[in-house]
Amino acid sequence: MAGANPFQSLLKEINVNGETFHYFDIASFPEFRELPYSVRVLLESAVRNCDNFQVLEKDVRGILRWKQLKGVPANDTELEIPFKPARVILQDFTGVPAVVDFAAMRDAVLKLGGDPDRINPICPSDLVIDHSVQVDFARTEDALAKNQDLEFERNRERFTFLKWGAKAFNNMLIIPPGSGIVHQVNLEYLARVVFQEAATGSAVRMLYPDSVVGTDSHTTMINGLGVVGWGVGGIEAEAVMLGQAISMLLPEVIGYKLVGRLSPLVTSTDLVLTITKHLRQIGVVGKFVEFFGPGVSELSIADRATISNMCPEYGATVGYFPVDQNALDYLRQTNRAEEKVRVIEAYLRATEQLRDFGNAEQDPVFTQIVELDLASVVTSVSGPKRPHDRVSVSEMQEDFRQCLVNKVGFKGFAVPESELATEGSFSWTDGKTYSLRHGSVVIAAITSCTNTSNPSVMLGAGLLAKKAVEAGLKVAPYIKTSLSPGSGVVTYYLKESGVIPALEELGFNVVGYGCMTCIGNSGPLDDNVANTIEKNNLVCCGVLSGNRNFEGRIHPNTRANYLASPLLVIAYALAGTVDIDFEKEPIGTRQDGSAVFLRDIWPTRQEIQAVEQKHVIPAMFRDVYAKVELGSPAWQGLNAPTGKLYPWDGASTYIKRPPFFEGMTRELPTIGGIVNARALLNLGDSVTTDHISPAGSIARNSPAARFLSERGLTPRDFNSYGSRRGNDDIMARGTFANIRLVNKLVTGAGPRTLHIPSGEEMDVFDCAQRYAGEGTPLIALVGKDYGSGSSRDWAAKGPYLLGIRAVIAESYERIHRSNLVGMGIVPLQYVAGQNAESLALTGRELFNIAIPANCKPHEKITVSTDCGKRFEVIVRFDTEVDLEYFRNGGILNYMIRKMID
């Protein structure tokens with residue numbers, strides 16, 4: 001049972017603005033000043049929440065030993081620590097299944113004789129319905145209104161369900177649709193930096209650092225403002241909301257030192273792509289990265305947030321920038337109350353958590369230090385298939401041409417020499433004929449999330465558009481161009497600075513606020529364009545200012561996709577191709593026939609900063625966010641159900657009670673091995689959560705489409721997998737449904753596999769159903785970095801529903817491994833130097849996996865096959881808490897049993 005806090009003597013008082021606050025003086029520990037600033041946040045949470053039940057005194061002492069355990073040189077000791085984040089943030093797509101699970105947990109608790117009212121968020125929870133718009137309409141003045149009307153029509157049931165959740169569950173704030181993307185709203189509005197909350201039963205308010213976990217991997221964006229935060233699966237987030245501490249290993253912290261200044265012609269996007277590639281090469285998966293050095297002071301909070309946003313792409317848990325004076329100034333710029341900012345500053349100074357990046361004496365100890373000279377950064381893009389494959393723009397043409405002929409892979413398409421010059425033409429509505437060839441750009445999207453929180457690159461794009469229009473340049477009409485700001489503030493300052501007309505002239509109309517092209521909601525291409533691409537087997541391109549460009553994610557017809565700054569999105573749209581050398585070739589011609597080069601219209605950082613200082617002001621943030629929680633008239637008009645239990649509609653194709661708790665008992669299930677299992681799939685390296693559980697459109701020939709058609713829906717109403725995450729029937733059928741999935745059990749890419757006993761090739765879901773009917777348990781064989789990409793809980797829930805009970809991988813991305821454990825799937829890892837290929841595994845074997853009842857973290861166990869092969873694997877239960885979740889059949893089952901004790 002919980003007891004008194006043994007660190008109560010550290011509780012101090014501080015008076016600010018005539019008001020008294022309490023805080024824990026963590027700076028009084030002798031070891032404190034050597035701790036990285038990110039670890040100081042973990043320490044404070046442990047001290048404040050120490051009750052010798054969930055958080056033990058020895059946990060605090062363990063964190064204080066960080067230098068001995070993880071400093072230079074780091075030893076091999078792995079210390080498990082608890083962490084209670086200050087709050088949880090949920091994104092629409094992942095928020096729906098979280099609320100669905102909460103509703104189903106209430107039903108389960110009631111059935112097992114408990115009190116369903118106990119299923120309520122304890123940890124403050126913000127849910128942003130970021131209105132994930134499919135770009136059906138673009139290049140029209142009313143594209144925004146049309147898209148939003150269509151989205152409300154398609155997603156009314158989903159929005160109504162969430163509105164019910166806002167009333168049914170305590171301590172949950174919901175930001176209605178149309179407000180912006182979750183990460184940007186978090187940065188501009190929701191982040192507290194320092195909590196100023198009254199303790200239970202006390203009138204005196206408590207001060208402590210803001211920290212957050214969120215159901216999207218890019219929750220890390222908030223680290224740019226000095227808030228420690230990272231992405232978790234919806235499963236784990238739900239447990240945190242119910243008061244459960246996160247169990248984690250004390251992290252190594254890589255110190256990333258920034259020196260020098262950026263060139264006037266490069267952008268923060270170029271910087272983040274450079275850092276992403278650099279850190280991927282170093283290897284920071286599962287580690288904290290903390291930025292320091294005098295170069296940090298050269299970066300705005302928006303620049304830092306752009307770097308932190310891409311944290312999942314370089315694989316770290318966080319990319320942290322401690323709070324400095326620039327962060328406090330940003331709070332003022334974004335209309336945070338002055339009296340609150342004074343309290344934040346006073347607390348951070350009192351606890352020695354306010355950073356001066358120019359003062360090397362404040363530099364803590366790090367596990368490892370790497371350095372980047374900002375002056376070395378050049379204009380860059382990343383692609384064509386991964387966000388960390390950075391290419392300098394000066395080498396882009398050569399790199400793309402090499403990718404065309406390389407063998408199929410992350411940097412190859414294997415286009416035969418005889419087809420390199422292939423060209424296809426089509427007629428457009430303007431009566432003209434246009435041609436497409438390899439490298440032609442057909443999608444150009446300034447899309448929400450990574451860059452739209454950054455006024456420098458957004459205003460830079462506007463200024464470039466203005467200069468392009470003045471030079472008489474145009475974007476070809478068949479290129480699908482769009483602008484989806486991350487919040488209404490962006491539209492506000494683009495209008496005030498006078499660049500919106502030029503953006504619209506080039507086709508970059510505002511089409512909505514939320515996840516769009518980057519998550520696959522790019523909408524359909526014109527049939528003439530799509531048919532020309534398919535008929536001629538062309539490698540056409542999407543260029544977007546997002547953070548993900550994995551295969552099959554952006555659009556089925558864009559085999560090559562490049563991440564770029566908003567400025568370069570416009571540049572490549574104007575050029576109409578990525579097969580161009582901007583230094584040597586003009587981007588277009590003036591009316592008099594003279595050449596226009598990209599350098600002629602490219603704005604400098606000084607030009608951009610002058611416009612930013614004039615037009616990005618606190619009043620904009622005040623006006624936009626003053627009524628954000630009220631929502632649009634459409635939201636206000638939704639009539640949501642009332643009551644603590646949700647009235648499930650058995651005919652709904654959006655919201656369905658999940659089957660995870662069916663047959664659940666108060667007693668723990670019996671743990672046994674996995675006997676005579678078949679491999680449902682045999683996959684290679686870098687299989688992402690997009691491969692496992694796509695978020696984009698539902699293909700018309702898929703099992704999910706057949707399911708919806710049988711219920712009377714037409715393709716127009718299929719919507720996306722992301723929008724239907726509240727219905728397990730759809731999501732199970734959508735598991736491994738990516739059109740670019742490469743399964744070694746079959747030839748060719750696609751969502752197909754082999755039913756081993758019969759030798760029949762079939763859709764993955766149909767095959768899993770047949771195995772289930774035969775009583776055959778399933779596993780998956782995979783390669784390195786399994787589950788990279790978005791922190792998508794359905795990438796674990798879906799395989800569970802298909803019958804997969806274990807995964808054998810060379811390595812896992814952090815969040816996905818945690819999600820597998822959360823669903824009761826056993827994550828196994830080959831011993832170093834081994835993989836399916838070295839062990840000559842084909843995936844056609846019968847597998848037996850001996851899981852001992854008293855299994856220990858990282859224990860080695862034996863896998864045997866019917867052909868006589870035996871090999872050891874490491875059980876990737878990383879902590880005792882992981883094992884506890886597994887014994888319960890998953891984290892949610894564990895929480896239910898706690899609620900009925």
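The values are calculated or read from the model by the stated rules, or taken from the named source; none is laboratory data. Just so we're clear, the structure is a prediction, and the values are computed from it rather than from any experiment. Note: ideal-geometry Cβ built from the backbone for every residue, glycine included; neighbour counts use all protein chains shown. We work out accessible area using only protein heavy atoms, side chains counted, and drop any ligands, DNA or RNA first. Shrake-Rupley method; radii C 1.70, N 1.55, O 1.52, S 1.80 Å.
Residue count for region 206-233 satisfying the condition of being surrounded by fewer than 24 Cβ atoms within 10 Å (Cβ to Cβ) and either β-branched (Val, Ile, Thr) or not assigned by the TED database to the domain that holds Lys340 (or both): 0. Among all residue pairs at least 6 apart or on different chains, which show Cβ distances below 9 Å where the first residue, located in region 417-440, is in the same structural domain as Cys403 (by the TED database) and within 11 Å of Asn536 (Cα to Cα) and the second is acidic (Asp, Glu) and open to solvent by less than 80 Å² (accessible area, probe 1.4 Å)? Here the result reads Arg437/Asp579; His438/Glu419; His438/Asp579, each pair linking region 417-440 to a residue that is acidic (Asp, Glu) and open to solvent by less than 80 Å² (accessible area, probe 1.4 Å). Of all residues in region 318-350, those satisfying the criterion of being open to solvent by less than 10 Å² (accessible area, probe 1.4 Å) and farther than 14 Å from Leu225 by Cβ are Val343, Tyr347.
Condition check ((1) polar (S, T, N, Q); (2) open to solvent by less than 10 Å² (accessible area, probe 1.4 Å); (3) at pLDDT 90 or above; (4) touching a helix residue (DSSP H, G or I) at 6+ places or on another chain (Cβ under 6 Å)) across all residues:
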{"position": "Ile235", "(1), (2), (3), (4)": "no, yes, no, yes"}
{"position": "Glu238", "(1), (2), (3), (4)": "no, yes, no, yes"}
{"position": "Gly243", "(1), (2), (3), (4)": "no, no, no, no"}
{"position": "Met248", "(1), (2), (3), (4)": "no, no, no, no"}
{"position": "Pro251", "(1), (2), (3), (4)": "no, yes, yes, no"}
{"position": "Ile254", "(1), (2), (3), (4)": "no, yes, yes, no"}
{"position": "Gly260", "(1), (2), (3), (4)": "no, no, yes, yes"}
{"position": "Asp270", "(1), (2), (3), (4)": "no, yes, yes, no"}
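Pairing residues of region 462-483 that are on the phi < 0 side of the Ramachandran plot with residues that are part of a helix (DSSP H, G or I) and open to solvent by 30 Å² or more (accessible area, probe 1.4 Å), at Cβ distances under 6 Å and at least 6 apart in sequence or on separate chains, gives Val469/Glu505.
Figure legend. Inter-residue proximity from region 284-300: first residues closer than 16 Å to Ile369 by Cα and assigned by the TED database to the domain that holds Leu250, second residues open to solvent by 50 Å² or more (accessible area, probe 1.4 Å) and not in a loop (DSSP other than H, G, I, E, B), beta-carbon distance below 6 Å, spacing 6+ or different chains. Indicated pairs: Phe292/Lys257; Gly293/Lys257.
Scan region 461-487 residue by residue and report those that are open to solvent by less than 20 Å² (accessible area, probe 1.4 Å) and either at pLDDT below 95 or not aliphatic (A, V, I, L, M) (or both).
Of region 461-487, the ones open to solvent by less than 20 Å² (accessible area, probe 1.4 Å) are 461-462, 464-465, 468, 471, 473, 475, 479, 481-487.
Gly462, Thr481, Ser482, Leu483, Ser484, Pro485, Gly486, Ser487 - these are the residues of region 461-487 that are open to solvent by less than 20 Å² (accessible area, probe 1.4 Å) and either at pLDDT below 95 or not aliphatic (A, V, I, L, M) (or both).
Condition first: within 27 Å of Gly520 (Cα to Cα), in contact with a Phe, Trp or Tyr (Cβ under 6 Å, 6 or more places away or on another chain) and in the same structural domain as Thr688 (by the TED database). Can you find one or more residues in region 794-802 that meet it? No; the residues of region 794-802 include none that is within 27 Å of Gly520 (Cα to Cα), in contact with a Phe, Trp or Tyr (Cβ under 6 Å, 6 or more places away or on another chain) and in the same structural domain as Thr688 (by the TED database).
Each residue in region 272-294 was checked for being surrounded by 19 or more Cβ atoms within 10 Å (Cβ to Cβ) and either polar (S, T, N, Q) or over 29 Å from Asn549 (Cβ atoms) (or both), and 4 of them qualify. A single entry from Ala203, Ala191, Ala145, Ala198 fulfils the requirement of being within 25 Å of Pro455 (Cα to Cα) and surrounded by fewer than 21 Cβ atoms within 10 Å (Cβ to Cβ): Ala145.
It is to be established whether one or more residues within region 750-760 are part of a helix (DSSP H, G or I) and at negative phi. Within region 750-760 (the criterion being part of a helix (DSSP H, G or I) and at negative phi), the answer is no, since none of the residues qualifies. Only a single item in (1) of a type outside the set (Asp, Glu); (2) surrounded by fewer than 15 Cβ atoms within 10 Å (Cβ to Cβ); (3) touching a Gly at 6+ places or on another chain (Cβ under 6 Å) is not met by Asn537, and it is number (3).
Across region 844-891, the qualifying residues are those that are exposed (fewer than 15 other Cβ atoms within 10 Å of the Cβ) and of a type in the set (Gly, Ala, Ser), and the one among them that is farthest from Gly673 (Cα to Cα) is Gly868.
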